[in-house]
């Protein structure tokens, strides 16, 4: 019987690095318990947007959930939550029925009108609402409304202003 071979320095694996840091797991999952699962968000948005006959367009639902990837929303409506779609997902929800291209009807078992005051909230709004940071919320709203290019330009202006103060 051969003795077990000792591992050389070059055989140090990524898993060993994680274990050495005390993490113990290579895949770390973070769950936001404040947010509803995507299939629930999609169902609520569809119920809020549905016509009197409980039909809706998938593009409208994707537009109503700007904090989610539109492809993810379309996949949920057209496949994962559709009763007459091929079974390509391990977990499926019987929420919608495809009528024709891009148009779906909410199944009677899950039909409900969503209160208008709840609305769809972006994950950033939920997180910011849960934190008492002491930061003026209007400043946060203004910053979030800026494009990345505008943010960079604002930071450059602030840096120039600080440099000017230091030079005095």
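Quick one: is residue 5 modelled with pLDDT of 90 or more, assigned to a loop (DSSP other than H, G, I, E, B) and farther than 29 Å from residue 145 by Cα?
Values: modelled with pLDDT of 90 or more: no; assigned to a loop (DSSP other than H, G, I, E, B): yes; farther than 29 Å from residue 145 by Cα: yes.
When the stated conditions are applied, residue 5 does not pass them.
Residue by residue through segment 132-168, note down the ones that are in a loop (DSSP other than H, G, I, E, B) and at pLDDT 75 or above.
Across segment 132-168, the qualifying residues are 146, 147, 168.
Report those helices (runs of 4 or more DSSP H) wholly inside segment 31-131 carrying at least 2 residues which are modelled with pLDDT of 90 or more.
38-49, 58-64, 70-75
Applying the selection to segment 60-82, what residues are in contact with a strand residue (DSSP E or B) (Cβ under 8 Å, 6 or more places away or on another chain) and exposed (fewer than 13 other Cβ atoms within 10 Å of the Cβ)?
Correct list: empty.
The values are calculated or read from the model by the stated rules, or taken from the named source; none is laboratory data. Predicted, not measured: the structure shown is a model, and the values here were computed from it. A quick note on method: Cβ atoms are made from the backbone with ideal geometry, for glycine too, and the neighbour counts reach across all protein chains shown.
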